[in-house]
Amino acid sequence: MVLPIVTDPNPLLRQKAKPVKKVTKRIKKLAQNMLETMYAADGVGLAGPQVGVGERIIVIDVGEGPIVLINPEILSRTGEERDVEGCLSIPGRNGYVTRAARVKVAGLNLEGRKVELEGEGLLARAFQHEIDHLEGVLFIDYLPAEAGRVDR
Ligand code: NI
């Protein structure tokens with residue numbers, strides 16, 4: 001099921017998401033719906049708050065197959081890379097954001113087992129962008145203030 005995507009400036013995007021206590025049927029269904037929503041919107045990642053769910057779950061597909069990560073954490077970051085970023089919750093805007101070039105992340109998979117994943121390039125960027133969403137952080141927070149725009 002394709003879910004409605006919450007867009008900026010909805011306050012739901014600014015709340016810190018809560019840890020998922022247990023990977024239940026509801027969480028599995030949510031992950032499936034988030035993937036469908038992401039694909040329907042032509043995105044490469046989506047986080048719980050973007051579909052109005054304040055729980056720590058992200059989905060990503062940068063063209064290498066779907067990834068679902070529950071309670072994700074960044075274990076290490078190396079290097080630096082500057083590239084253009086956008087967000088399904090901020091339609092029509094993009095900008096250059098400097099991120100770590102490679103990250104190692106940990107979290108739970110849909111079986112509730114702890115997994116560790118590594119990513120570089122777009123995948124590393126997607127992990128950092130989506131995990132930011134769980135802290136209420138949006139990519140526009142990293143952009144320089146624009147003329148006439150009230151900065152947060
Ligand atoms: Ni986003």
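Quick notes on this one:
- Positive-end extreme of charge dipole, the chain - chosen from G65, L30, P4 (charges on Cβ): L30
- The chain - Rg (one decimal) and Dmax (whole number), Cα, Å: 14.7, 48
- Given +1 at the Cβ of Lys and Arg, -1 at the Cβ of Asp and Glu and no other charges, the dipole of the stretch 11-145 around its Cα centre is 740 debye to the nearest 20.
- Euclidean distance between Cα centres, the stretch 75-116 to the stretch 6-59, Å: 15
- The chain: calculated mean residue ellipticity at 222 nm from DSSP helix runs of at least 4, using -39500 (n - 2.57): -6000 deg cm²/dmol
- Look at the alpha carbon pairs under 8 Å that are at least 6 residues apart: their mean separation over the length of the chain gives a relative contact order of 24 percent.
- The trypsin sites (Lys or Arg not before Pro) of the stretch 91-132 that DSSP puts in a loop, and whose beta carbon has at most 11 other beta carbons within 10 Å, are R113.
- Per residue accessible area in Å² of the stretch 39-134, where ligands, DNA and RNA are left out and the probe is 1.4 Å: 46
- Square roots of five times the Cα gyration tensor eigenvalues for the stretch 59-141, Å: 21, 15, 12
- Heavy-atom accessible area order for M34, M1, largest first, 1.4 Å probe: M1, M34
The values are calculated or read from the model by the stated rules, or taken from the named source; none is laboratory data. Worth saying up front: this structure is predicted, and the values here are computed from it rather than measured. Every residue, glycine as well, gets a Cβ built from its backbone with ideal geometry; the counts of neighbours run over all protein chains shown. Each accessible area value is taken on the protein alone, full model and side chains, heavy atoms only, with ligands, DNA and RNA left out. Shrake-Rupley method; radii C 1.70, N 1.55, O 1.52, S 1.80 Å.
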